[in-house]
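Before any comments, here is the structure.
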Amino acid sequence: MIYSSDNYSPVPPEVLEALVDANEGYQPSYGADSQMTKVRHLIQKIFEAPDAAVYLVATGTAANSLILSTLCEPWQTIFCSPVSHIHEDECNAPEFFSGAKLTLVGDSDKINPTELRKSILAEESRGVHGPQRGPISITQITEKGQVYTLNEIKELSQIAKEFNLPVHMDGARFANALVSLNCTPAEMTWKAGVDAVTFGGTKNGLMGVEGVIFFDPDKAWEFELRRKRGAHLFSKHRYLSAQMLAYLENDLWIKLANKANKSASRLIEGLKDIKDVKFLVEPKANLMFVTMPASMHRKAFAAGLEYYTWSELDGVSDETPVLARFVVDWSRSLDDIDEFLAIMKNLV
Ligand SMILES: Cc1ncc(COP(=O)(O)O)c(C=O)c1O
């Protein structure tokens, strides 16, 4: 029973069927396929942003890095959380593509407005010698499983706007956040001051596609050039479009995220009843961090459960609390969760 990552999850049949359908005949290449036209219009409609520039790339790292490089200059700095994916898990690709550096704000997965203002004020104090202020990047849902509320996003965006800085949202788990907040895509993005979005698809069921959305269409051409120069313009693009189209049509993306979040809620409630399981922060969607004594982890792995531990398990005493991450993906049913919980309860 694997709860390591939503990247381990299978692809929903609707998406596989769409790929088979897309395989009929010939289609123009490099994003000029007819499915992409539909994807663009659907995303513009879903986000209530008829002028938005919409693109597809195959990885979240590419989406984040190419968006950020379009939003900033090489002499600027990008403000982000110290545990953000762009800082910890992208092998410096955002810095590589943008030429900019990162400024780590505070010490939490959720950027706090006071700390953001402090970090912004601290930069640009050395004139031509120092980094200039650049975009703010927030992750929704955060890397630790929290969700920024609409007011929190607005507050951060307002600070960014005060300094004339753009805001990027790494929405690798966009759909899970949206379902958790029960709001519209527009409310969670441009209406709250977000300028560009990595619209995740892969973690919520796609084989490998992330949307890129700029609410300011003036960014379109520069992004296109950067995507090509960054080797992320797919020639047989229709296979990316077909996945995203199936994801958006009939609200499949919302249905998948609803299922993941509902199953995750069942897991969260069940884990709360197990002595010795402690949540790092209150999880709000489908990703959670808990500590449990090392002995429990050892028994869990022996019983066939699979997940990542986030602190050392080898060589520590049985009582030592060890941090672990559980991710519940779209394919998990409530019965799966009950099976997982039954094993967990037996470990105590
Ligand atoms: C918060 C976040 N952003 C972006 C990504 C995308 O990464 P990848 O380049 O592996 O698709 C991930 C994947 O783990 C993530 O967790």
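Taken together, the values in this text are just the output of simple stated rules run on the coordinates, not laboratory data. Bear in mind that the values here come from a model prediction, so they are computed numbers and not experimental data. Every residue, glycine among them, receives a Cβ derived from its backbone with ideal geometry; neighbour counts consider all protein chains shown.
Observations on the structure shown:
- Residue 33 meets each of the listed conditions (1) surrounded by fewer than 21 Cβ atoms within 10 Å (Cβ to Cβ); (2) charged (D, E, K, R); (3) touching a helix residue (DSSP H, G or I) at 6+ places or on another chain (Cβ under 7 Å) apart from (1).
- The set of residues in the range 65-122 that are touching a Ser or Thr at 6+ places or on another chain (Cβ under 6 Å), charged (D, E, K, R) and within 15 Å of the ligand (Cβ to nearest atom) comprises 90, 109, 110.
- Top-ranked residue of the range 141-166 - restricted to ones that are closer than 26 Å to residue 261 by Cα and of a type in the set (A, V, I, L, M, F, W, C), ranked as surrounded by the most Cβ atoms within 10 Å (Cβ to Cβ): 141
- Index of the failed condition, residue 260 passing every other in (1) more than 16 Å from the ligand (Cβ to nearest atom); (2) touching a helix residue (DSSP H, G or I) at 6+ places or on another chain (Cβ under 7 Å); (3) not basic (Lys, Arg): (1)
- The set of residues in the range 297-335 that are in a helix (DSSP H, G or I) and surrounded by 17 or more Cβ atoms within 10 Å (Cβ to Cβ) comprises 297, 299, 300.
- Under the condition of being at positive phi and over 16 Å from the mean Cα position of the chain (by Cα), the residues counted in the range 163-212 number 3.
- Tabulated pairs, the range 184-201, first surrounded by 24 or more Cβ atoms within 10 Å (Cβ to Cβ), second among the basic types (Lys, Arg), C-beta under 6 angstrom, 6+ apart or interchain: 200/173
- Flag for residue 132 being in contact with an Asp or Glu (Cβ under 7 Å, 6 or more places away or on another chain) and away from the ligand (no atom under 16 Å from the Cβ): yes
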